[in-house]
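One structure is given below, encoded as structure tokens.
The values are calculated or read from the model by the stated rules, or taken from the named source; none is laboratory data. Predicted model only: the values in this text are computed from it and were never measured. Positions of Cβ are backbone-derived with ideal geometry, glycine not excepted, and every protein chain shown enters the neighbour counts. For accessibility, only protein heavy atoms count, side chains too; no ligands or nucleic acids. Shrake-Rupley method; radii C 1.70, N 1.55, O 1.52, S 1.80 Å.
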Amino acid sequence: MDSSANSLINPDARMGLAGAQPGAAAAGAGQPGGNADLGGLGGGLGGNFGQRLSGLAQMRGNPRAPLIFAVALLVAIVAGLFLWSRAPDYKVLYSNLSDRDGGAIITALQQANIPYKFSESGGAILVPAEQVHEMRLRLASQGLPKSGSVGFELMDNQKFGISQFAEQINYQRALEGELERTIESVSSVKSARVHLAIPKPSVFVRDKEAPSASVLVNLYPGRALDEGQVLAITHMVSSAVPEMPVKGVTILDQDGNLLTQPSVAGGLDASQLKYRQQIERSTQQRIDAILAPLFGAGNAHSQVSADIDFSRTEQTSENYGPNGNPQQAAIRSQQSSTATEMSQGGASGVPGALSNQPPQPASAPINAPNGASGGVTTTPVSDRKDMTTNYELDKTVRHLEQPMGGIKRLSVAVVVNYLRVVDGKGHATMQPVTADKLAQVNQLVKDAMGFDAQRGDSVNVVNSPFTADLDPNADLPWWRTHDMLALYKQIATYLGIGAVALFLYFVMVKPALRRAFPPPEPVAAAALPSPDEPILLDGIPSAERANGTVEIDSGDSELLALENAKHKYERNLEFARSIARQDPKIVATVVKNWVTDER
């Protein structure tokens, strides 16, 4: 197959496939016999093939270069993934260490031959994940890290004979450490410091002081504590220390900002103001929700002002009422006493001869009356009766404890927009609301807010046109509105850009592409000359000129040689192209043989 391919292609065509230039062909023609022998010219040009092409051109011309590059890239990616999978997974060993503890831990890791690295921020030491727990235990046996908060484990190793003051200090340190650990459990808190001021207990009530606490929180970058979290930390610290009020806890962040809100003017704190705003907002939402179906969204606005009683009241009263009907009154006790004095009719006076007389004969009947005996007559002198009755008192004992946060008064102001009325021709006008409907609105607002006349509530409903709703384009059709006009402008802009792009493409780009890349012209096989056909130079066959039948001036010999080489190059190049189009396999085999011979 190689011999047949070489026989089909003229050696001069080999010169055209190698990319020889006309100037090189002319140089080959200048050698002895170059004007007559085309094979010698092609061989001379083919010998310079390796010198004409650089290494980059050979790589571009090689069809295997993209495949080789893709395989190399795939091998590199696989190798990188394999090395990445073999790399150890590092996890945090310790973070937020002081410089002294960090240096001691690094020294211990180097002595144990444990690989380590620092985090991107430099605030943590990372070791392989499978060695984290082992290294923590080994470092803990060495007493590392030494700094940090301590909890109630400080009370485990109490010395015998320790003073009460030292024991109290250790207890306070342990309590502060436990509070620090608890606060650091919050997701936004990086670290915390707690300082407790616990006064010495006293038996005197006047000298008794409440404890207080100061908390400094170091937050993560970009994090912040909301009001609920600050309030939670405040109550947590207050509940951990006996007899500590909530107001005795102060919380600051790392920038020195006070997070616990102090009392504002009037003695109200932030939570009380928030409660007041919540009452006003909820009442306003109820009013807007009931008026929206009547007038439409945005056609009725309301404002609520609430007067809240935040005072805490405790009252104890004891009332005594008069007894209305004594017969219905309850008798507690009743006591009565009777006293009677009697007088005697016998001898009386100064004892002596006159009074010592013998008794007179009895003149009374046998049955003497009561009180008479022995012939002596007695008569009552005085009779007294006493009676004491104790009734139960009408007593009322009342203890009242009024909770804080009660509503003292509500004031509501409502503004209703004019109604939009469209006539039969489609024109819209704004008309005021009738008095009956305003009265209905007033009653609806009272019901929605929970109106209480005894409490002093007030409601004011006003009907007025809203200036924001006076749209001059309200009567325009939909295709002439402002939004539609803006859409038209946007569509026109895009259409103009597309038209300009099409104009530039068809007027400038497409003709330039045609001129730069003209379509190949079909070459008829009959129009191609035979490889053995002599080449005409100025109408004279080259064979005749080589045989010497035609005389040529010596001055024109060089010019004729150049013209002859040029025509030969063009003919050979065209002939090689036609062969390549007819049978590409043969041409590829010939080029392969050339490359093999040059090696």
Picking from Val249, Val304, Val264, the residue that is at pLDDT 90 or above and under 26 Å from Ala197 (Cα atoms) would be Val249
Would region 488-503 turn up any residue that is of a type in the set (A, V, I, L, M), assigned to a helix (DSSP H, G or I), at pLDDT 90 or above and open to solvent by less than 70 Å² (accessible area, probe 1.4 Å)? yes
Inspect all residues belonging to region 422-431 and state whether any of them is at negative phi and either in a helix (DSSP H, G or I) or surrounded by 15 or more Cβ atoms within 10 Å (Cβ to Cβ) (or both). no
Residue hits (region 178-209; in contact with a strand residue (DSSP E or B) (Cβ under 8 Å, 6 or more places away or on another chain), under 19 Å from Gly248 (Cα atoms) and surrounded by 14 or more Cβ atoms within 10 Å (Cβ to Cβ)) are Leu179, Glu180, Ile183, Ala192, Arg193, Val194, Leu196, Ala197
Within region 289-318, the count of residues that are outside any helix (DSSP H, G or I), over 30 Å from Arg398 (Cβ atoms), open to solvent by 30 Å² or more (accessible area, probe 1.4 Å) and in contact (Cβ under 8 Å) with a residue 40 or more places away in the chain comes to 5
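Filter region 210-231 down to the residues that are of a type outside the set (A, V, I, L, M) and either open to solvent by less than 80 Å² (accessible area, probe 1.4 Å) or not in a helix (DSSP H, G or I) (or both) and list them by number.
Those that are of a type outside the set (A, V, I, L, M) and either open to solvent by less than 80 Å² (accessible area, probe 1.4 Å) or not in a helix (DSSP H, G or I) (or both): Pro211, Ser212, Ser214, Asn218, Tyr220, Pro221, Gly222, Arg223, Asp226, Gly228, Gln229.
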Going through (1) touching a residue at least 24 places away in the same chain (Cβ under 8 Å); (2) within 30 Å of Val445 (Cβ to Cβ); (3) exposed (fewer than 11 other Cβ atoms within 10 Å of the Cβ) one by one, Arg286 fails only at (3)
query: Does at least one position in region 70-90 carry a residue that is surrounded by fewer than 10 Cβ atoms within 10 Å (Cβ to Cβ), modelled with pLDDT of 70 or more and touching a helix residue (DSSP H, G or I) at 6+ places or on another chain (Cβ under 7 Å)?
result: yes
